[in-house]
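A.B. asks: Sharing a structure here in structure tokens format.
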Amino acid sequence: MLKFLTAGFILLVWFSCVSQREMPGVGQPVPLFSTSDYSGKSFELTAYRGKHLLIHFWADWCAECRAEFPKLEKAYQKHKENNFEIIAINVAQSEKHVRSFVEEFGLTFPMLMDEQSEIARMFGIRGLPTNYFVDTDMTIKKIIIGWVDEKQIEQVLNQ
């Protein structure tokens, strides 16, 4: 528990002190990035052009993040055949943390690494979880800071 509180405090200080870009808004192009997943496999966001995306920023010390992952997995299984993809980006934690988390929750959608918080800075992330819904043309459709559930996902997909 102490390590989670310490990690949370460090990230809180980091997010409040670091110079960040303005958060891109609805209707703007999503910032494009490349990184790797927790197993080291390369990832390019541009490969997902033409899909409806939920880009989910998280960390394992975030209680809301932990609570919503089973619901995200359920929504992913329900909607993945309908051109929908969840891309989860872990902010400022190690591959070991992410691998353990994926195994604990049996997650099947891409789980990406942002150990240096470079992608989080591109998106202007100021709190976790933060969720970007991205349309097939790579424009931001909706932003939800905080909890996201299956009902919200369905509402965005049906718009």
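Each value in this text was obtained by applying a stated rule to the coordinates, not by laboratory testing. Everything quoted here is computed from the prediction, not taken from an experiment. Glycine gets a Cβ as well: all are built from the backbone with ideal geometry, and neighbour counts include every protein chain shown.
A.B. asks: So, in the stretch 22-69, of the ones that are charged (D, E, K, R), in a loop (DSSP other than H, G, I, E, B) and over 14 Å from the mean Cα position of the chain (by Cα), which residue ends up surrounded by the fewest Cβ atoms within 10 Å (Cβ to Cβ)?
C.D. replies: Restricting to residues being charged (D, E, K, R), in a loop (DSSP other than H, G, I, E, B) and over 14 Å from the mean Cα position of the chain (by Cα), the top hit is GLU22.
A.B. asks: Additional query: Pull up the stretch 75-89, narrow it to residues that are crowded, with 18+ Cβ neighbours inside 10 Å and out of contact with any strand residue (DSSP E or B) (no Cβ under 6 Å at 6 or more places or on another chain), then point me to the one that is nearest to ALA63 (Cα to Cα).
C.D. replies: Looking at the filtered set, the residue picked out is ALA75.
A.B. asks: Within the stretch 142-157, is even one residue buried (at least 18 other Cβ atoms within 10 Å of the Cβ) and not hydrophobic (A, V, I, L, M, F, W, C)?
C.D. replies: No, there is no match, as no residue in the stretch 142-157 is buried (at least 18 other Cβ atoms within 10 Å of the Cβ) and not hydrophobic (A, V, I, L, M, F, W, C).
A.B. asks: Being in contact with a His (Cβ under 9 Å, 6 or more places away or on another chain), in a helix (DSSP H, G or I) and either over 18 Å from PHE69 (Cα atoms) or not small (Gly, Ala, Ser) (or both) is the requirement here; does ILE87 meet it?
C.D. replies: So ILE87 fails the test.
A.B. asks: Among the listed residues LYS96, LYS141, which satisfies the condition of being part of a helix (DSSP H, G or I) and farther than 15 Å from PHE43 by Cβ?
C.D. replies: Unique residue meeting the criteria: LYS96.
A.B. asks: Let me ask something else about it. How do the pairs read when you match residues in the stretch 136-158 that are closer than 15 Å to LYS80 by Cα with residues anywhere that are of a type in the set (Phe, Trp, Tyr), using Cβ under 7 Å and keeping only pairs 6 or more apart or on different chains?
C.D. replies: If the second residue must be of a type in the set (Phe, Trp, Tyr), the pairs left are VAL156/PHE133; LEU157/PHE84.
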